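Below is one structure, written out as structure tokens; the observations come after it.
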Amino acid sequence: MKALMIIDVQNDFCPGGALPVPDGDKVVPVINNLMDKFDYVIATRDWHPEKTVHFDKWPEHCIRMTQGAEFHPGLNTAGINKIISKGTGNKDDGYSAFETEELDLSGFLKEKGINELYITGLATEYCVKASALDAVKNGFKTYVISDAIRGIDINEGDIAKAVDKMKSAGINFI
Ligand code: VGL
């Protein structure tokens, strides 16, 4: 079974948000179009406390229960089967979906018979990369959908490096 994984398509990562990914909102219609092609759709959200060591590295963003932490209003949330929160502690970055403390994500997906993960969302060189690499480590056949991701590229080349690293780990870009 195949699952679509949507990483952090939240207001703060979209234009106008606290930590905007350039053209982050452009992934929304692509993801909406893909949802009904999958057996299961799982979406992550950064769900930070007000104070966390994560904000020593980054501007404050995606503080739980705030408008910035909401999914982009265009995302078809009715098509999502499961939402998981990550980055909920005050000491963790929560880059990878598999770091969620809510459940054993790998075991949860495997119990459902899911063996292929198709990853989309924001941002390419942080949460998408971390989630995709962990997906491979956990034994999933892992795909990243190129037109359904966007990155920040704080230093030019960061996105390209992240893509190379994912490809070297055996992740397929489609
Ligand atoms: C992310 C930077 C900081 C992401 C989260 O979702 O990729 N990037 N926190």
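A few points about this structure:
- Backbone phi angles across region 14-28, fed through the Karplus curve with coefficients 6.51, -1.76 and 1.60 (θ = phi - 60°), yield HN-Hα couplings of 10, x, x, x, 6, 9, x, 8, x, 6, x, 5, 5, 6, 4 Hz in residue order; Gly and Pro are listed as x.
- Straight-line cross-link reach from Lys57 at under 16 Å between alpha-carbon atoms covers these aspartates and glutamates, not counting any fewer than eight positions away in the same chain: Asp12, Asp46, Asp92, Asp93, Glu125, Asp153.
- Here the simple spin-label model places points 7 Å from the Cα toward Cβ, and for Val53 and Asp92 these points are separated by 1.3 nm.
- Taking all protein chains together and a 1.4 Å probe, the residues Ser146, Ser168 rank Ser168, Ser146 from largest to smallest accessible area.
- Backbone phi angles across region 34-41, fed through the Karplus curve with coefficients 6.51, -1.76 and 1.60 (θ = phi - 60°), yield HN-Hα couplings of 8, 3, 7, 8, 10, 6, 8, 10 Hz in residue order; Gly and Pro are listed as x.
- Those residues of region 20-51 whose amide nitrogen sits under 11 Å from the label point placed on Met1, 7 Å along Cα→Cβ: 39-41
- DSSP-defined beta bridges in region 2-173 - what % are antiparallel, rounded to 5: 5 percent
- For region 2-173, the share of accessible area belonging to carbon and sulfur comes to 48 percent (1.4 Å probe, ligands and nucleic acids excluded).
- The magnitude of the dipole of the chain, with charges of +1 and -1 set on the Cβ of Lys/Arg and Asp/Glu and taken from the Cα centre, is near 480 debye.
- Applying the Karplus relation 6.51 cos²θ - 1.76 cosθ + 1.60 with θ = phi - 60° to region 141-154 yields 3J(HN,Hα) values of 6, 10, 10, 10, 8, 4, 8, 10, 10, 9, x, 8, 6, 4 Hz, where x marks Gly and Pro.
- Between the amide H of Ile84 and those of Ala43, Thr44, Arg45, distances stay under 5 Å, these residues lying 5 or more places away or on another chain, with hydrogens modeled in the peptide plane.
- Where N is the number of residues in region 40-151, Cα Rg divided by 2.2 N^0.38 Å: 1.04
- Between the listed residues Gly139, Pro20, Met35, the Cα displaced farthest toward the positive end of the dipole of region 2-173, a dipole computed from Cβ unit charges relative to the Cα centre, is found at Gly139.
- Hits among lysines - C-alpha to C-alpha of Lys51 under 17 Å, sequence gap 8 or more where chains match: Lys86, Lys91
- With all protein chains kept in place, the per residue accessible area of the chain amounts to 46 square angstrom at a probe of 1.4 angstrom.
- The value of relative contact order for region 2-173, using C-alpha pairs under 8 Å at least six residues apart, is 26 percent.
The values are calculated or read from the model by the stated rules, or taken from the named source; none is laboratory data. Worth saying up front: this structure is predicted, and the values here are computed from it rather than measured. Backbone-built Cβ (ideal geometry, glycine too); neighbour counts: all protein chains shown. Only protein heavy atoms, including side chains, enter the accessible area calculation; ligands, DNA and RNA are left aside. Shrake-Rupley method; radii C 1.70, N 1.55, O 1.52, S 1.80 Å.
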